[in-house]
1. Mind listing whichever residues of region 82-97 are in contact (Cβ under 8 Å) with a residue 24 or more places away in the chain and out of contact with any helix residue (DSSP H, G or I) (no Cβ under 8 Å at 6 or more places or on another chain)?
2. For Thr98, only one of the following conditions fails: (1) assigned to a loop (DSSP other than H, G, I, E, B); (2) within 16 Å of Lys38 (Cβ to Cβ). What is its number?
3. Can you tell me how many residues within region 63-81 are closer than 17 Å to Lys104 by Cα and either free of Cβ contacts under 8 Å to residues at least 12 places away in the same chain or charged (D, E, K, R) (or both)?
4. Being of a type in the set (Ser, Thr, Tyr) and either under 12 Å from the mean Cα position of the chain (by Cα) or at pLDDT 90 or above (or both) is the filter; apply it to region 4-27 and report the residue that is nearest to Gly51 (Cα to Cα).
5. What single numbered condition from (1) over 18 Å from Glu12 (Cα atoms); (2) touching a residue at least 12 places away in the same chain (Cβ under 8 Å) fails to hold for Ile101?
6. Just the residues that are in a strand (DSSP E or B) and basic (Lys, Arg), please, taken from region 32-53.
7. Looking only at region 71-95, count every residue that is of a type in the set (D, E, K, R) and assigned to a strand (DSSP E or B) and tell me the total.
8. Would you point out the residue of region 71-105, among those that are surrounded by 11 or more Cβ atoms within 10 Å (Cβ to Cβ) and basic (Lys, Arg), that is farthest from Gly29 (Cα to Cα)?
Amino acid sequence: MKITDFVANKGEFLKAENVTADTKAEIIGESRVEHNEKFDTDRLYIPIKIGDKEYTFDASKTNARTITEVLGDETNDWIGKRIVLETYKLKTKDGKMTTAINVKSVVV
């Protein structure tokens with residue numbers, strides 16, 4: 001790995017407002033696991049492209065399992081594949097409602 005790959009701009013994080021019903025996204029690079037201080041957990045970050053805009057998709061374990069069921073457990077094999085995203089409402093631990101992103105399907 002070149003250090004420039006590590007420090008390169010990975011785009012902005014995908015937000016629920018960037019997703020509409022059946023948003024198609026292409027996985028454009030190698031996924032990485034990083035520790036997220038906000039959630040105090042390890043998170044899977046997947047570089048994706050929607051239209052001509054690049055984002056980092058902070059995938060939940062459920063979303064990662066959904067992709068793995070179709071594309072396998074080697075994230076390098078995911079590059080170039082498409083996922084269909086949607087949003088849904090959920091209640092946070094502190095009782096507030098929020099909108100989350102879900103992998104609806106994987107296009108092979």
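1. Pass one, region 82-97, residues in contact (Cβ under 8 Å) with a residue 24 or more places away in the chain: 82-87.
If the condition is that a residue be in contact (Cβ under 8 Å) with a residue 24 or more places away in the chain and out of contact with any helix residue (DSSP H, G or I) (no Cβ under 8 Å at 6 or more places or on another chain), then Arg82, Val84, Leu85, Glu86 are the ones that fit.
2. Unmet for Thr98, out of (1) assigned to a loop (DSSP other than H, G, I, E, B); (2) within 16 Å of Lys38 (Cβ to Cβ): (1).
3. Let us first name the residues in region 63-81 that are closer than 17 Å to Lys104 by Cα, namely 63-72, 78, 81.
Retained after the next criterion (residues that are either free of Cβ contacts under 8 Å to residues at least 12 places away in the same chain or charged (D, E, K, R) (or both)): 65, 68-69, 72, 81.
Qualifying residue count, region 63-81: 5.
4. Applying the filter and picking the extreme gives Thr23.
5. (1)
6. So the first thing to find is which residues in region 32-53 are in a strand (DSSP E or B), and the list is 32-36, 41-50, 53.
Selection gives Arg32, Arg43, Lys49, Lys53.
7. 4
8. Lys104
The values are calculated or read from the model by the stated rules, or taken from the named source; none is laboratory data. Just so it is clear, the model here is predicted, and its values are computed rather than measured. As a convention, Cβ positions derive from the backbone with ideal geometry for all residues, glycine included, and neighbour counts pool all protein chains shown.
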